[in-house]
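Nothing in this text is a laboratory measurement; each read-out follows from the coordinates by a stated rule. No experiment lies behind these values; they were computed from the predicted model shown. Here Cβ is always computed from backbone atoms with ideal geometry, including for glycine, and neighbour counts include all displayed protein chains.
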Amino acid sequence: MATIALSFTPHPNLSDAVNHNIVQSEIEGGVFLENLPPWTVLQIETQHHSYTAIMLGNHYAYISGHPVYCPKPVLVSIAGSTWGGSMLKLRFVGRGMHLEFHHPSYRMPIITSPIREIRECRRPVNLQIPALI
């Protein structure tokens, strides 16, 4: 049986650094939010905090785990992940990247420290989340 080697073709209009980051995000791994069914629970470990995100569909989630921004579950819109700059990989949560989400109480997006691990978990039975209006 023959094997076919798939390789990444760098985009000619992007810098080597950007093309490298795109490849690195594929190697490190992550999850595209549109591939997750509603009520999927993600445990997102960053360099400084451990977040729990309950995905509601599309890019909305209840997120908790930061002592200031979300000590209790809060409804947010997850934009995606960055490499620490302005380039965003939309609706993607990736290892080695920074999660970016929009919190209803803050004008600017919240950007986490680098993501170390992403795990899908069972939804805790005792998890209290606000009712959807």
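Some points to look at:
- Computed over segment 29-115, the ratio Rg/Rh where both radii use C-alpha atoms and Rh is Kirkwood: 0.91
- Extending 7 Å from Cα along the Cβ direction at Ser77 and again at Glu120 yields two label points whose distance is 2.6 nm.
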